[in-house]
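One structure is given here, and the rest of the page talks about it.
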Amino acid sequence: MKRILFFLSSILVSQALYAASLERFQSYLRTTQSARGDFEQKVYDKTGKLVQDSRGSFVLLRPNRFRWSYVKPQQVIVGDGERVWIHDADLNQVTVRRIARVLGSTPAALLAGASDIQNAFDMKELGEKDGLEWLEAKPREKEAGFERVRLGLGVAGVEAMELVDHFGQTTMLRFSNVVRNPPIEAGAFRFSPPRGADVLGD
């Protein structure tokens, strides 16, 4: 960028791309009230070593209702609109938190939260990679449990997420077989702790 004109034009182009990508994501949120599909999740430590490989299915109904079901290890995460329930089948343990305390600046808020995400996140355009357009979202809250989330946008909407926490661990999610706006029964977001399970939280 040796010439001023080239530098200025580059800024204008990047700003246009940012606006287009952000507008595209906001349009996706406005037009997607529900969704279901499958996911594959890989977790890497700060050295890049794969430490967890899992898969499962999800269903969501905005705002604030979702169910993530992991095949292995067996785990279910349910947001019923008021609370988030996490059930670890291997430990027979349930953790519950009020949704207002955990959803505001979490990755789930980007998919299942309200449309006005800019109140909770700073958004940045990252450009195209692997056939997807990427946005980076950094939580405005200092106490959020992660440093940043990258969203990969494709024809189907959000097709990938990459979460980096404060310890340098990276969680990569890839979505498939996604159906937008399917009819979903309200019972999909009900959760009752299994008999004999330890329940922790509020």
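The values are calculated or read from the model by the stated rules, or taken from the named source; none is laboratory data. Remember, predicted model here, so these are calculated numbers, not experimental data. Ideal geometry is used to build each Cβ from the backbone, glycine not excepted, and the neighbour counts take in all protein chains shown. With ligands, DNA and RNA removed, areas are computed over all heavy atoms of the protein, side chains included. Shrake-Rupley method; radii C 1.70, N 1.55, O 1.52, S 1.80 Å.
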*Residue ID - modelled with the highest pLDDT, chosen from residues in region 6-41 that are over 16 Å from LEU111 (Cβ atoms) and among the hydroxyl-bearing types (Ser, Thr, Tyr)*: SER21
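Of the residues VAL164, VAL155, which is at pLDDT below 85 and of a type in the set (Val, Ile, Thr)? Steps first, please.
Details: VAL164 fails: at pLDDT below 85.
Within the list VAL164, VAL155, the selection yields VAL155.
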*Name every residue in region 170-200 that is farther than 24 Å from ILE99 by Cβ and surrounded by 15 or more Cβ atoms within 10 Å (Cβ to Cβ), in order of residue number.*
THR170, MET172, ARG174
*In region 27-65, which residue that is touching a residue at least 40 places away in the same chain (Cβ under 8 Å) and acidic (Asp, Glu) is farthest from PHE167 (Cα to Cα)?*
ASP38
*Hey, VAL164 touching a residue at least 12 places away in the same chain (Cβ under 8 Å), touching a strand residue (DSSP E or B) at 6+ places or on another chain (Cβ under 9 Å), at negative phi and open to solvent by 60 Å² or more (accessible area, probe 1.4 Å) or not*: no
*asked:* Pull out all pairs, ordered by first then second residue, where Cβ-Cβ is under 9 Å, the residues are six or more apart or on different chains, the first lies in region 137-157 and is part of a loop (DSSP other than H, G, I, E, B), and the second is among the acidic types (Asp, Glu).
replied: ARG140/ASP122; GLY145/ASP165; PHE146/ASP165; GLU147/ASP165
*Quickly run through region 178-188 and pick out the residues that are of a type in the set (A, V, I, L, M, F, W, C) and part of a strand (DSSP E or B).*
VAL178, VAL179
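From the residues in region 20-40 that are assigned to a strand (DSSP E or B) and of a type outside the set (Asp, Glu), which one is most open to solvent (accessible area, probe 1.4 Å)? Even if it seems obvious, please write down each step before you answer.
Of the residues in region 20-40, the ones assigned to a strand (DSSP E or B) are 34-40.
Add one more test, that the residue is of a type outside the set (Asp, Glu), and what stays is 34-37, 39.
Numbers: SER34: 7, ALA35: 2, ARG36: 97, GLY37: 9, PHE39: 7 Å².
The selected residue is ARG36.
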_Here's a check for you: in region 41-80, which residue that is open to solvent by 30 Å² or more (accessible area, probe 1.4 Å), touching a strand residue (DSSP E or B) at 6+ places or on another chain (Cβ under 9 Å) and part of a loop (DSSP other than H, G, I, E, B) is farthest from ASP198 (Cα to Cα)?_
GLY48
*Please go through region 120-129 and pick out each residue that is closer than 22 Å to PHE58 by Cβ and either modelled with pLDDT of 85 or more or part of a strand (DSSP E or B) (or both).*
PHE121
*Got a sec? Which of PHE175, PHE191, PHE167 is in a strand (DSSP E or B) and not polar (S, T, N, Q)?*
PHE175
